[in-house]
Each structure stands twice: as structure tokens, then as C-alpha cells.
1. Kindly check whether there is at least one residue in segment 228-242 that is within 18 Å of LEU281 (Cβ to Cβ), among the aliphatic types (A, V, I, L, M) and either free of Cβ contacts under 8 Å to residues at least 40 places away in the same chain or in contact with a strand residue (DSSP E or B) (Cβ under 9 Å, 6 or more places away or on another chain) (or both).
2. Against the definition (more than 25 Å from the chain's Cα centre (by Cα) and surrounded by 14 or more Cβ atoms within 10 Å (Cβ to Cβ)), how does VAL379 come out, yes or no?
3. Please count how many residues of segment 171-182 are crowded, with 20+ Cβ neighbours inside 10 Å, within 10 Å of the chain's Cα centre (by Cα) and more than 10 Å from the ligand (Cβ to nearest atom).
4. Starting from segment 277-289, keep only residues that are at negative phi, then list their pairs with residues that are open to solvent by 40 Å² or more (accessible area, probe 1.4 Å) and modelled with pLDDT under 95 whose Cβ atoms are within a distance under 8 Å, requiring at least 6 positions of separation or different chains.
5. Where in segment 47-144 are there helices (runs of 4 or more DSSP H), lying wholly inside it, with at least 1 residues that are modelled with pLDDT under 95, touching a helix residue (DSSP H, G or I) at 6+ places or on another chain (Cβ under 8 Å) and surrounded by 14 or more Cβ atoms within 10 Å (Cβ to Cβ)?
6. Just the residues that are open to solvent by less than 20 Å² (accessible area, probe 1.4 Å), out of contact with any Phe, Trp or Tyr (no Cβ under 7 Å at 6 or more places or on another chain) and hydrophobic (A, V, I, L, M, F, W, C), please, taken from segment 350-376.
7. With the requirement that a residue be of a type outside the set (S, T, N, Q), part of a strand (DSSP E or B) and either farther than 25 Å from SER231 by Cβ or touching a helix residue (DSSP H, G or I) at 6+ places or on another chain (Cβ under 6 Å) (or both), what does segment 153-188 give you?
8. Taking segment 248-293 as the region of interest, how many residues are part of a strand (DSSP E or B), farther than 20 Å from HIS150 by Cα and open to solvent by less than 20 Å² (accessible area, probe 1.4 Å)?
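The values are calculated or read from the model by the stated rules, or taken from the named source; none is laboratory data. All figures in this text were calculated on a predicted structure; none of them were measured in a lab. Cβ: placed from backbone, ideal geometry, glycine included. Neighbour counts: every protein chain shown. Heads up: the accessible areas ignore ligands, DNA and RNA and are worked out on the full protein's heavy atoms, side chains in. Shrake-Rupley method; radii C 1.70, N 1.55, O 1.52, S 1.80 Å.
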Amino acid sequence: MLKRIRLFSKIHGWQIDLHERQLLKIQTAIIIRKYSLCTNTDTRTLSILGNSYIRDPTTNITPKIIEKIGKNLHCIHNHPLNLITRRIENYFNDNYRNSWRAPMFSKFDRINPVVTLKQNFDSLLVSRDHPSRALSESYYLNSEYMLRAHTSAHQSDLIKQGLDAFLVVGDVYRRDTVDASHYPVFHQMEGVRLFSKQELFSHLGDTSRVTFFEEGKRDATKQERHTIDTSLFIEEDLKKTLRNLANHLFGEDVEMQWVDAYFPFTHPSWELEIKYQGEWLEVLGCGIVEQELLSSAGADSRVGWAFGLGLERLAMRLFSIPDIRLFWSEDQRFLDQFNVDDPNTNITFKPFSKQSPCVNDVSFWVPEAFSENDFYDIVRNIGGDLVENVELFDNFVHPKTQKTSNAYHITYRHMERSLTQEEVNEIHENIISTAVQELGIQVR
Ligand code: PHE
């Protein structure tokens, strides 16, 4: 016989009889709920890749982002990001060998994306008040740890370990706009090459007549410790390496141009743009490594270059992939198209029937402390990959109240199936009510 147990509520005045087994089920459900509260968003700690981090007022990482950590798309055999990574690695292995004929560049593709603010910023000479440190730009676990915003976060550590030439491939995280070429998680490859005086000037034969370091002045072409020869030789080697890489990936005919740029950890710095569908597309940032960075990493007797390239951008161009969300697709109609043994196989992505989009609008009065990226994160958190694009199409300040109004078109489209208007409306309403609650926007 099963025992019957009587439960009653003094406050609400009800009473029910339950079998023992029913009671057990309820108790289990309560325990599971409590447990999930402990490990999830509501409590004081975050658990990421087996480590715990204590939340604090800087914590702004969202569950949708946490889901992506550890997926390592670049390591999945036959994923387009893996194919492009292998093509680039092959270029470096085939063209750069050390004196024992072994590949010169060491490769790292599994470094934990959780880094300290010190690694992501301080080690790279990013000043305390640099705008890239703002909470609206990156995902913070707490005031000490964040998700790396670029693979440059590992430069200093690897140089400290004594490496002279290395490639780092990994997922990087940035709070950003929502459209076909921006996603809060993307992948970069970092490349660093250091030279001794002998190595840099090797093709001169006699290096005794050139000077490597000086105590001079910084100008547009060089750092204070570098002679003009040193700076020009590094620039020449860097640009040759990257030009040849672009030709290796896109063929001899690809049009490219160098644009002057600024990064706190390199000087001078450039971006490389390649022509894609009639427009210039920025694919990488690079420059001559700041000597101060090398000194702090114990490599002051060397000089060097670094670059960081965006793998999605290159893969979209190479395989004609129209939307960055597709990289996260688990649809076989996508993945099967990249299922090849030879990474150099020519592949042009054939879109499977494109579903039609639903566009819903929202306009609201913006609260005083408002960052657009907070709104984009809510859209991403609730709409997930159904949101293709968020476009600010109207923005004005009310002449009397001085309040700002923003109006957005939100485009919803499923990559694999059609969406109903009701389904979209429910998500859209949910986005709006969450933005009202969490950001204090006022719908107009
Ligand atoms: N880390 C830079 C970025 O993400 C790119 C970069 C890497 C620039 C190395 C210079 C040197 O934009």
C-alpha cells in the first residue's frame, strides 16, 4: 500500500492528499529548480569551461553567449572556418621553415577564451580610459575576467614563453550591431613574428653597417627605438607575408589596398582591404609590435610584426557565404557543402531556398544612460539567430522634452524553415517588454 500524505497551507487555507510517490516527484522538482538556480543566472557565480567566476556589478555576459563558449567551430573538421584555417596554416607551413626545415610558426587553437583584463588590455598597452574598455563593448565575467575581444590577448604570454613565431586561432567576443556580417562571437587568427638583428637583415649579407636600435624620435613611419632601416625592413616583410597570403587564398588577381590604422600595441599600423563585390572589405589589422610590449615580455633584443585577421570575413568572401549566422548552423544542407578532404577544394556555397523575412518595427524614447549594444543584446538573447538584422531607421530629439527617440526595423528570418507572423509577434513583444523592464525604454 502506498502511504497517503496530507499537505495543507495555513496561509492559503487549502489541503490536499497525495500519494507518497507524487510527493517525491514534487520534492525532486523543487530540488532541481533550486539546483538550477545555483548554477545559473540568478546566483552569485558563473560556471564557464569548468571554472567558477564570482559575479559583480561589471558582469554583463548573457546566457546566449555562454552557450557558444567551447563550441570551437574552427576545430570542427570540414567546417568552413576549419577549412580556411587549414588553408592559412598550410601557407605558413609551406613558406616558412626554420633551419631544421621544421615549420617556423607554432600553432595554438585551444587557448581558453576567458582572459584577464590585463591580458586583453594592459599587456597590449591599452590605456585605462580607452573606449574599447567600456562595458558596452565587451563581455565581462566580472571586474577581473572577460571573454577575449581579440586573439592579441595572448601575444604577450606567448612571447614571454620564448616563442618567436606563432599563430593563435580562436573565438573572440564583442558586443556589436546585428546584421549579416556582425555576430557577437567570431573567429580570429593572430600571427606574430620576431626577428633578431641577424634575421631581419639576413639578405644584406654583411649586417655590420646597419643599425638595429637607436634612441630617436617617434614619427609616422617608426617608433623611437627603431632606426628607419629596422622599421622599413619589418614593414616590408610583414606586407610581403600578408600580400602573398591574400594571393594564396584569393588568387593572383585579387585587388587589395593598405590603409593606415591605429592600434595601441603596434606602430606603424595598417589594415588590409580586399575588393569584394565591388566594395573594399577590411580583412585584417597589423603593424610593427611596440617595443615596450616586447620589453615587458622579456624580448627586448628583438623586433617584430603582428597581424590579426577575421576568419568569417575571409570565409564569407572565399565560399560566397551570405550571412554570418550560417557558421553556427547545424543544418546538414550547410555542413555537407564543406565536407571535403582537401582544404583547397574550390567551394561556392549554394543557398538552400531562402525563407522570406518578417520585419517588425519598434520605436521608443531612450532613457538617459542608454547604450545601443544593451538593446542589441536583448534582441539577440530573446530572438537568437532568428534575428537577421536590426536597423536604426529613425532618430530624433524632441524639441520640447529633449528626449531622444530611436526607431528600429527588426528583420526576422529563420535560416532553415519559414516563420509565422504570430511566432514573430510573440518574440517581438517579448523583446519590447524585456527592454522596457531592463533598460527603462518608453515605447512610443
Ligand atoms: N587585435 C586587432 C583587432 O582585433 C588586430 C591586430 C592584431 C592589429 C595584431 C595589429 C596587430 O582589431
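1. Checking segment 228-242: at least one residue is within 18 Å of LEU281 (Cβ to Cβ), among the aliphatic types (A, V, I, L, M) and either free of Cβ contacts under 8 Å to residues at least 40 places away in the same chain or in contact with a strand residue (DSSP E or B) (Cβ under 9 Å, 6 or more places away or on another chain) (or both).
2. On the way: more than 25 Å from the chain's Cα centre (by Cα): no; surrounded by 14 or more Cβ atoms within 10 Å (Cβ to Cβ): yes.
In short, no.
3. Of all residues in segment 171-182, those crowded, with 20+ Cβ neighbours inside 10 Å come to 171-173, 175, 178.
In the following step, the residues that additionally are within 10 Å of the chain's Cα centre (by Cα) were identified as 171-173, 175.
Then keep just the ones that are more than 10 Å from the ligand (Cβ to nearest atom); that gives 171, 173, 175.
Here the count works out to 3.
4. LEU281/LYS275; LEU281/ARG313; LEU281/ARG317; GLU282/ARG313; VAL283/ARG313; VAL283/ARG317
5. On the way: elements: 63-68, 80-95, 117-120.
Of the helices (runs of 4 or more DSSP H) lying wholly inside segment 47-144, those with at least 1 residues that are modelled with pLDDT under 95, touching a helix residue (DSSP H, G or I) at 6+ places or on another chain (Cβ under 8 Å) and surrounded by 14 or more Cβ atoms within 10 Å (Cβ to Cβ) span 63-68.
6. PHE364, PHE375
7. Taking segment 153-188 first, the residues of a type outside the set (S, T, N, Q) are 153-154, 157-160, 162-176, 178-180, 182-187.
Filter again for part of a strand (DSSP E or B), leaving 165-173, 179, 182, 185-187.
Within segment 153-188, PHE166, VAL168, VAL169, GLY170, ASP171, VAL172, TYR173, ASP179, HIS182, VAL185, PHE186, HIS187 meet the criteria.
8. Residues that pass the stated criteria total 1.
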